[in-house]
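For reference, the structure is listed below as structure tokens.
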């Protein structure tokens, strides 16, 4: 259970307009915080448009060290959640320097799942690389829960704590499960060649430290996550 003591907490978020980041921002607002979201000039605010009155926007460039330091000093945050991401898709995001400068987490698993489900709903054909490639899929609310645990007051300076389901799933198996839940075939074109990015034989997070130190456990199975995502996409149509 995350303790709620917001009076002295200033939470600064990078990547707050992205998929995972916007969900974290929404949870913070729901829990009574007024998070400070760093945005760029080109940031698209559509994911948090309806809650802008409950957040503070700060336009800055996280790659401009001097101005960023000044902004951080002005805000004096108690917590920083760095969710800016680049490089999840190596076929289009190839700038290695930019990847090294901005990345902290990969969202390729979440985006793959979302793409498959959206294609099933909209009856569109999508291309995936290989049904035998594996991913550790996790529902976004479980990721958000993990971030909220970090705000509970305990300090884990210098710790690396993995967040995932702790299980790997073949893309082919994911598609079959999604088809069962949706109730129809999804138009998948398997490319039958290697992905543009390095594909490990094992893609499974070791979440033992999160379980022991944070007391965190994913609450949603893969099937539950697909069903909830499906309900969300249908409501947005």
- Would you check if residue 14 is modelled with pLDDT under 90, closer than 20 Å to residue 68 by Cα and touching a strand residue (DSSP E or B) at 6+ places or on another chain (Cβ under 6 Å)? yes
- Item | Exclusive hit being within 19 Å of residue 27 (Cα to Cα) and surrounded by 11 or more Cβ atoms within 10 Å (Cβ to Cβ), set 226, 207, 163, 188 | 163
- Note on the structure: Reported set for the range 37-56 where residues are buried (at least 16 other Cβ atoms within 10 Å of the Cβ), modelled with pLDDT of 95 or more and under 20 Å from residue 76 (Cα atoms) is 37, 54, 55
- Among the helices (runs of 4 or more DSSP H) confined wholly to the range 137-237, which include 2 or more residues that are touching a residue at least 60 places away in the same chain (Cβ under 8 Å) and within 17 Å of the chain's Cα centre (by Cα)? 140-150, 222-236
- Can you tell me which residue among 174, 150 is buried (at least 17 other Cβ atoms within 10 Å of the Cβ) and more than 14 Å from residue 216 (Cα to Cα)? 174
- Output for the range 32-50, where each listed residue is in contact with a strand residue (DSSP E or B) (Cβ under 6 Å, 6 or more places away or on another chain) and not in a loop (DSSP other than H, G, I, E, B): 36, 37, 38, 39
- Could you check how many residues of the range 113-136 are outside any helix (DSSP H, G or I), touching a strand residue (DSSP E or B) at 6+ places or on another chain (Cβ under 9 Å) and surrounded by fewer than 17 Cβ atoms within 10 Å (Cβ to Cβ)? 6
- Answer yes if at least one residue in the range 205-219 is in the same structural domain as residue 178 (by TED's automatic domain parsing) and touching a strand residue (DSSP E or B) at 6+ places or on another chain (Cβ under 8 Å), and no otherwise. no
- Restricting the search to the range 194-212, which residues are at pLDDT below 90 and in contact with a helix residue (DSSP H, G or I) (Cβ under 9 Å, 6 or more places away or on another chain)? 197, 203
- Query: Would it be correct to say that residue 28 is at pLDDT below 90 and surrounded by 19 or more Cβ atoms within 10 Å (Cβ to Cβ)?
  - Reply: no
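The values are calculated or read from the model by the stated rules, or taken from the named source; none is laboratory data. Note that the coordinates shown come from a computational prediction; the quantities given were computed from them, not determined experimentally. Every residue, glycine as well, gets a Cβ built from its backbone with ideal geometry; the counts of neighbours run over all protein chains shown.
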